[in-house]
Amino acid sequence: MRPTPAARWFIEAGAEAGPLYRAWNRGAAADVPIGHLWDVVRVTTRLGTDVLARVRGIGAELGPVLETPVRSAVEFVVTPGTAATWPDMIGTRAAARGMLRCPPPHVTATSGLRSTGARRWIVPPSYVPATTDADALCEAVAAALVHRATAALALAGRGDR
């Protein structure tokens, strides 16, 4: 496999080149350490689509975004240090350590391919900016949660009539 910008970035983040390329050559995900070049914010799949649309809608920086069906989550790559300041919001979890299981960059939601574990990129790691704007992500999550709560209250109010 020829070095790609994504592979170089993951190796700079601490992934070992040999295991990374071997996994990707098999179509499998490779472990990339979290916490050196980025943190990860996991959002439930139910919130993920809305949050992604909101971040895109305001034109904020959007880095790699990973769909992880096994966790029922969408994972956003954010700047290091984000996990330490991430607020306690329903449906989210921020990580500053551990491993991010990264499928090959060509395994995307639009390609129809899935890696081992069914992971695929919604936004592949192939362009700059390298991370999602954490403040915009936080605001998008908060807005999505408020929208869902308001909709639930409206539905509950209809049942009282």
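The values are calculated or read from the model by the stated rules, or taken from the named source; none is laboratory data. This one's a predicted model, so the numbers in the text were calculated from it and none came from an experiment. Methodologically, a virtual Cβ is constructed for each residue, glycine included, from the backbone with ideal geometry; neighbour enumeration extends over all protein chains shown. To get the accessible areas, we keep the full protein, side chains included, count just its heavy atoms, and leave off ligands, DNA and RNA. Shrake-Rupley method; radii C 1.70, N 1.55, O 1.52, S 1.80 Å.
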**Message:** Being farther than 21 Å from Thr92 by Cβ, in contact (Cβ under 8 Å) with a residue 40 or more places away in the chain and of a type in the set (Asp, Glu) is true for just one of Asp39, Asp31, Asp50. Which residue is that?
**Reply:** Asp31
**Request:** Search the stretch 18-38 for residues being in a helix (DSSP H, G or I) and open to solvent by 40 Å² or more (accessible area, probe 1.4 Å), and hand back the single one that is modelled with the lowest pLDDT.
**Result:** Asn25
**Asked** Considering only residues of the stretch 56-70 that are out of contact with any Lys or Arg (no Cβ under 6 Å at 6 or more places or on another chain), within 25 Å of Arg114 (Cα to Cα) and β-branched (Val, Ile, Thr), which is surrounded by the most Cβ atoms within 10 Å (Cβ to Cβ)?
**Response** Val65
**Message:** Name the residue that is nearest to Val70 (Cα to Cα), counting only residues in the stretch 88-120 that are in contact (Cβ under 8 Å) with a residue 24 or more places away in the chain, part of a loop (DSSP other than H, G, I, E, B) and open to solvent by 60 Å² or more (accessible area, probe 1.4 Å).
**Reply:** Leu113
**Asked** If you go through the stretch 61-87 one residue at a time, how many are part of a loop (DSSP other than H, G, I, E, B) and either at pLDDT below 95 or under 19 Å from Ala6 (Cα atoms) (or both)?
**Response** 7
**Message:** I need a count of the residues in the stretch 39-55 that are open to solvent by less than 50 Å² (accessible area, probe 1.4 Å) and in a helix (DSSP H, G or I).
**Reply:** 6
**Asked** Does the stretch 134-149 include one or more residues that are open to solvent by less than 90 Å² (accessible area, probe 1.4 Å), touching an Asp or Glu at 6+ places or on another chain (Cβ under 7 Å) and either of a type in the set (Lys, Arg) or at pLDDT 95 or above (or both)?
**Response** yes
